[in-house]
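Undergrad: Let me give you the structure first, and then I'll get to my questions.
The values are calculated or read from the model by the stated rules, or taken from the named source; none is laboratory data. Fair warning: this is a prediction, and the values are worked out from it, not measured in the lab. Positions of Cβ are generated from backbone atoms using ideal geometry, with glycine treated the same way; all protein chains shown enter the neighbour counts. The area values use the complete protein model at the heavy-atom level, side chains included, leaving out ligands, DNA and RNA. Shrake-Rupley method; radii C 1.70, N 1.55, O 1.52, S 1.80 Å.
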Amino acid sequence: MIKNDQTPLLENSYSVLISEDKIQQRLAELGKEMAEAYAGETPILIGVLNGGFIFLADLIRYINIDCEIDFVRVSSYGDAKESSGHIKVLKPLSADIKGRHVIVVEDIVDSGLSVKFLIKMLSAFEPASLKVATLLRKKPRLKIDLPIDFVGFDIEDKFVIGYGLDDQQVKRNLRAIYIVEE
Ligand code: PRP
């Protein structure tokens, strides 16, 4: 596979936390798990913009059963590094999820407030089931007891970027996940 050099995007303060290969390996496992869990169904995966777009795009190519996608956009952080706790819906759901098997797809669960908000919001549409997949989970930062059904990686409490995650809106296009050293 042709892969260009991403050095121009990197800064001295970045160190690799999860390599591109490790991400893809884990996605293959998650995709298999999901295909087994939803065998005979056509689940709908709801990507949480902006950060979740790359994870969703890669993940569905490892789920070898029919599935649909939709997106919502909520924002809690803006350009800040700490969740404000005030979550706004910037783009509502388009699909009708009543009676459907829904999987919310997040890039990261940090405080957990966004997912908590999304679960409440989406439950109101009466899906047949509602599960959550996240690529990253920062367990030490979780403010609520939140069961997450599919977790890519549990990570320490560091500011991470790449693979959809931004640093003031840029760096989402890095193929690995990096720690930004303070
Ligand atoms: C980030 C991330 C999650 C949320 C997680 O979104 O994509 O949606 O924060 O944080 P929490 O668990 O503390 O609620 P952000 O608001 O930064 O928007 P973005 O996805 O557009 O970067």
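Undergrad: Among the residues of the stretch 57-69, are any open to solvent by less than 20 Å² (accessible area, probe 1.4 Å), within 15 Å of the chain's Cα centre (by Cα), closer than 18 Å to Val132 by Cα and touching a residue at least 24 places away in the same chain (Cβ under 8 Å)?
TA: Checking the stretch 57-69: at least one residue is open to solvent by less than 20 Å² (accessible area, probe 1.4 Å), within 15 Å of the chain's Cα centre (by Cα), closer than 18 Å to Val132 by Cα and touching a residue at least 24 places away in the same chain (Cβ under 8 Å).
Undergrad: Shifting gears a bit: So how many residues does the stretch 129-148 have that are open to solvent by 50 Å² or more (accessible area, probe 1.4 Å) and either at pLDDT 95 or above or in contact with a Pro (Cβ under 7 Å, 6 or more places away or on another chain) (or both)?
TA: Residues that pass the stated criteria total 1.
Undergrad: Give the number of residues within the stretch 24-50 that are of a type in the set (D, E, K, R) and within 16 Å of the ligand (Cβ to nearest atom). Reasoning before the result, please.
TA: Here is the first cut: in the stretch 24-50, the residues of a type in the set (D, E, K, R) are 26, 29, 32-33, 36, 41.
Among the residues that remain, those that are also within 16 Å of the ligand (Cβ to nearest atom) are: none.
The qualifying residues number 0.
Undergrad: Would you check which residues across the stretch 144-166 are more than 11 Å from the ligand (Cβ to nearest atom) and in contact with a helix residue (DSSP H, G or I) (Cβ under 9 Å, 6 or more places away or on another chain) and list them?
TA: Those that are more than 11 Å from the ligand (Cβ to nearest atom) and in contact with a helix residue (DSSP H, G or I) (Cβ under 9 Å, 6 or more places away or on another chain): Asp149, Phe150, Val151, Gly152, Phe153, Asp154, Ile155, Glu156, Asp157, Gly162, Tyr163.
Undergrad: Moving on. What's the number of the only condition in (1) modelled with pLDDT of 95 or more; (2) open to solvent by 10 Å² or more (accessible area, probe 1.4 Å) that Tyr77 fails to meet?
TA: (1)
Undergrad: Separate question: Report yes if Val89 is of a type in the set (Val, Ile, Thr), within 11 Å of the ligand (Cβ to nearest atom) and touching a strand residue (DSSP E or B) at 6+ places or on another chain (Cβ under 6 Å), otherwise no. Even if it seems obvious, please write down each step before you answer.
TA: On the way: of a type in the set (Val, Ile, Thr): yes; within 11 Å of the ligand (Cβ to nearest atom): no; touching a strand residue (DSSP E or B) at 6+ places or on another chain (Cβ under 6 Å): yes.
The answer is no for Val89.
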